[in-house]
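*Asks:* Have a look at this one.
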Amino acid sequence: MTNYRRNTLPGACYFFTVNLADRRLKLFTDHIELLRRAFRETRARHPFTIEAVVVLPDHLHSIWTLPDGDADYPTRWRLIKSTFSRGLQGGERLSASRANKGERGIWQRRYWEHTLRDDEDFARHVDYIHFNPVKHGHASKTSDWPYSSFQRMVRLGHYPADWAVDGEDDPAGFGDN
């Protein structure tokens, strides 16, 4: 079995990308209230701050800050994934490997994690999160996508309401990443 090495730094700020197993489905946006509940319940048991988030039909990106002395984001993701999965009706396609392990076929087994290094790294990832619905063709401007922390950031004064709408096609400079 592969041993994945993750950077765990107590109290750190992390960027995550989490995907559905079948990227053709729209489970996250079709069941947004269930996903929100999974996050709420997990945060009640294991607090963390969501700095920025975007939920797309088949994947999501999020930046979390963990409490001082706490680096256990894997438990939080396990709880979010299991709570969401339990709330969905079964019947998804299962690989033999998943069936043998008694797993559902909703989430990709792994996720991408990146420990944010400094304020510039943080800002670039927040921009990436908010521009993602435009990048994937789900919205023509960042303010049009309803499943994002962008509007909250506008209210807090971190972004102008018209950010990234004047033909600026990748303000964070991430390209296809």
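*Asks:* Please count how many residues of the range 42-53 are surrounded by fewer than 16 Cβ atoms within 10 Å (Cβ to Cβ), outside any strand (DSSP E or B) and either touching a residue at least 60 places away in the same chain (Cβ under 8 Å) or among the hydrophobic types (A, V, I, L, M, F, W, C) (or both).
*Replies:* Counting residues in the range 42-53 that are surrounded by fewer than 16 Cβ atoms within 10 Å (Cβ to Cβ), outside any strand (DSSP E or B) and either touching a residue at least 60 places away in the same chain (Cβ under 8 Å) or among the hydrophobic types (A, V, I, L, M, F, W, C) (or both) gives 1.
*Asks:* Within the range 54-76, work out how many residues are under 27 Å from G137 (Cβ atoms) and either modelled with pLDDT under 95 or assigned to a helix (DSSP H, G or I) (or both).
*Replies:* Summing the residues that are under 27 Å from G137 (Cβ atoms) and either modelled with pLDDT under 95 or assigned to a helix (DSSP H, G or I) (or both) in the range 54-76 gives 0.
*Asks:* Tell me which residues, restricted to the range 104-130, are assigned to a loop (DSSP other than H, G, I, E, B) and either surrounded by fewer than 16 Cβ atoms within 10 Å (Cβ to Cβ) or at pLDDT below 95 (or both).
*Replies:* Once the filter is applied, which keeps residues that are assigned to a loop (DSSP other than H, G, I, E, B) and either surrounded by fewer than 16 Cβ atoms within 10 Å (Cβ to Cβ) or at pLDDT below 95 (or both), the range 104-130 yields R104, G105, I106, Q108, R109, R110, Y111, R117, D118.
*Asks:* Taking the range 1-41 on its own, how many of its residues are acidic (D, E) and open to solvent by less than 70 Å² (accessible area, probe 1.4 Å)?
*Replies:* The total comes to 1.
*Asks:* Among (1) under 17 Å from T17 (Cβ atoms); (2) modelled with pLDDT under 90; (3) open to solvent by 80 Å² or more (accessible area, probe 1.4 Å), which single condition is K101 missing?
*Replies:* All conditions are met except number (1).
*Asks:* What tally of residues in the range 109-151 results from selecting those that are polar (S, T, N, Q), farther than 19 Å from E51 by Cβ and in contact (Cβ under 8 Å) with a residue 40 or more places away in the chain?
*Replies:* Total satisfying the criteria: 0.
*Asks:* Tell me yes or no: at least one residue of the range 55-66 is open to solvent by less than 40 Å² (accessible area, probe 1.4 Å) and more than 12 Å from the chain's Cα centre (by Cα).
*Replies:* Yes, there is a match, as at least one residue in the range 55-66 is open to solvent by less than 40 Å² (accessible area, probe 1.4 Å) and more than 12 Å from the chain's Cα centre (by Cα).
The values are calculated or read from the model by the stated rules, or taken from the named source; none is laboratory data. What you see is a predicted model, and the numbers here were worked out from it, not measured in a lab. Don't worry about glycine lacking a Cβ; one is built from the backbone with ideal geometry, like all the others, and counts go over all protein chains shown. Each accessible area value is taken on the protein alone, full model and side chains, heavy atoms only, with ligands, DNA and RNA left out. Shrake-Rupley method; radii C 1.70, N 1.55, O 1.52, S 1.80 Å.
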